[in-house]
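Notes to accompany the following structure.
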Amino acid sequence: MTDFQEQQPQQPYYPPHPPRPPYEPTQPITTEAGTTIWPSGGHVPPPVDPPLVATVPAPVPSPRRRARRGVGLMAAVAIAAAAVGGGTATLVQQLSSDPATTASSSTVSGTNVSASSRGTVAGVAEAVSPSIVEISATSNAGKSTGSGVIITSDGEIVTNNHVISGASSVTVQLSDGKTYQAEVVGTDPDKDLALIKLQGASGLKAATLGDSSKVRVGDEVVAIGSPEGLTGTVTSGIVSALDRDVTVAKDDDGQEQQQGQQQWDPRQGWPFEFGGQQFNGDTGSSKTTYKAIQTDASLNPGNSGGALINMNGEIIGINSAMYSPSSSSGSTAGSVGLGFAIPVDTVKADLDGLRSGGGS
């Protein structure tokens, strides 16, 4: 069998291109749109070198993603910084408004530790002075002057027992100059306390009784009273000590004064004992001892029964004993910074007993 050889289809014949001329071909001549005639003849352009293709680096998608990711990270950092900054600003504002920080920024000037009106001696004096009175007690032995503290709007007044002891009449002058007659409601010679009541009084400004258990050594205090009859005298100082044992003369019902045997000189203050020494005369055989607040605020005769006040305007004690040495002329030489006050907690505990006519 004879193999049959499959004939391949013949390709069309294309004549070879003429050789390239030794010279640069001229530019083609363009006639009408779509027809180009080359100098070599025909409508097929001569071969030319392949055009140069600019190498363009392949696009890298990751940098764009990273850029977006970096922008997002930068935005997050910016937001976090703003939040932290805002929180810091808020924290600073809170700290700047804190009472403890405000207090530490206060200046110390004399006896003042606060720049506010409430914490100054002037502010305390203005607030409390209307509640402090001058007491004039008349007896067969003479006339004495002391101070007192209004504790109710209808005229209850706390003072020292030795201020009104044995008095046949008691006259009270308010800070505005008005005067009232007063009656003795109750006395407690053991604590040197007394309660009197104004007759026909109403609408008075009562003092605020504080808490003497919170008093600390070094606390600033203000004393208001009527030394030497000078109504509403204001002095200031600090708490020098606490729980001092002070012994004062106790004149039960003023019996000795009624007999004309006055034991003390009003110009020197009520006799008392402290640290084994006697001050302002002889305390006699009848005496009592109590725990007292010691202060260096200037106290003089006439301050007895007046108020010892903290810088919040609260009564923390009733001034009761002070040392005022006599000069060679017989008058007092002035305060030497040794004064004592009955703690207000003792007064509050004794009020019910005083209202009933005696002490606790």
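Any residue that is modelled with pLDDT of 90 or more and hydrophobic (A, V, I, L, M, F, W, C) - is there at least one of those in the range 249-270? No, the range 249-270 has no match at all. Among the residues examined, Val221 qualifies as within 28 Å of Gln173 (Cα to Cα), under 20 Å from the mean Cα position of the chain (by Cα) and not aromatic (Phe, Trp, Tyr). Where strands (runs of 3 or more DSSP E) sit wholly within the range 110-213, those with at least 2 residues that are β-branched (Val, Ile, Thr) and touching a residue at least 40 places away in the same chain (Cβ under 8 Å) occupy 132-139, 142-150, 156-159, 179-188. A Cβ distance below 6 Å, combined with a sequence gap of six or more or placement on separate chains, defines the contacts here; from the range 338-356, residues that are closer than 12 Å to Lys191 by Cβ and assigned to a helix (DSSP H, G or I) reach residues that are at pLDDT below 95 and of a type in the set (S, T, N, Q) in the pairs Asp350/Ser360; Gly353/Ser360.
The values are calculated or read from the model by the stated rules, or taken from the named source; none is laboratory data. Remember, it's a predicted structure, so these values are computed and weren't measured experimentally. Here the Cβ is made from the backbone with ideal geometry for all residues, glycine too, and neighbour counts use every protein chain on show.
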